[in-house]
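Heads up: the structure comes next, in structure tokens.
The values are calculated or read from the model by the stated rules, or taken from the named source; none is laboratory data. None of the values given here were measured: they were computed from a predicted structure. Virtual Cβ from ideal backbone geometry, glycine too; neighbours counted across all protein chains shown.
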């Protein structure tokens with residue numbers, strides 16, 4: 001039995017989110033929450049909310065015990081890219097890609 005939570009179109013690069021996901025993958029929920037609270041990365045804010053949502057889904061929808069939950073899967077994929085233009089010298093324009101992320105987090109019960 002597993003519970004899942006996901007968030008789409010978060011305005012942060014998938015590469016930055018992946019660094020933090022590697023920290024919490026496979027950890028139990030309490031340890032992961034403590035890591036997210038103390039890690040100074042901007043992705044931790046979104047991942048903290050997502051972890052709380054996944055735990056709530058597990059407890060309310062599947063009657064799992066919140067003390068025995070761990071993060072079984074967590075992954076990030078690219079969302080839509082917001083394309084912006086930066087004016088440069090001699091009438092040229094450079095493209096700025098503002099990347100977004102789709103983040104998924106899955107929790108399971110330890111036996």
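Results, tabulated for the structure shown:
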item: Breaking point among (1) in a helix (DSSP H, G or I); (2) in contact (Cβ under 8 Å) with a residue 40 or more places away in the chain, for residue 60; result: (2)
item: Subset tally (residues that are part of a loop (DSSP other than H, G, I, E, B) and either closer than 14 Å to residue 11 by Cα or modelled with pLDDT under 95 (or both)) for the stretch 68-111; result: 7
item: Check on residue 31, touching a helix residue (DSSP H, G or I) at 6+ places or on another chain (Cβ under 9 Å) and more than 25 Å from residue 2 (Cβ to Cβ); result: no
item: Flag for residue 53 being surrounded by 15 or more Cβ atoms within 10 Å (Cβ to Cβ) and either at positive phi or assigned to a helix (DSSP H, G or I) (or both); result: yes
item: Residue match in the stretch 1-12 (condition: under 16 Å from residue 76 (Cα atoms) and free of Cβ contacts under 8 Å to residues at least 12 places away in the same chain); result: no
item: Flag if residue 5 is over 22 Å from residue 82 (Cα atoms), in a helix (DSSP H, G or I) and within 13 Å of the chain's Cα centre (by Cα); result: no
item: Among (1) touching a helix residue (DSSP H, G or I) at 6+ places or on another chain (Cβ under 6 Å); (2) closer than 28 Å to residue 111 by Cα; (3) modelled with pLDDT of 95 or more - the single one residue 50 does not satisfy; result: (1)
item: Residues of the stretch 10-42 that turn out to be in a strand (DSSP E or B) and within 11 Å of the chain's Cα centre (by Cα), as a count; result: 1
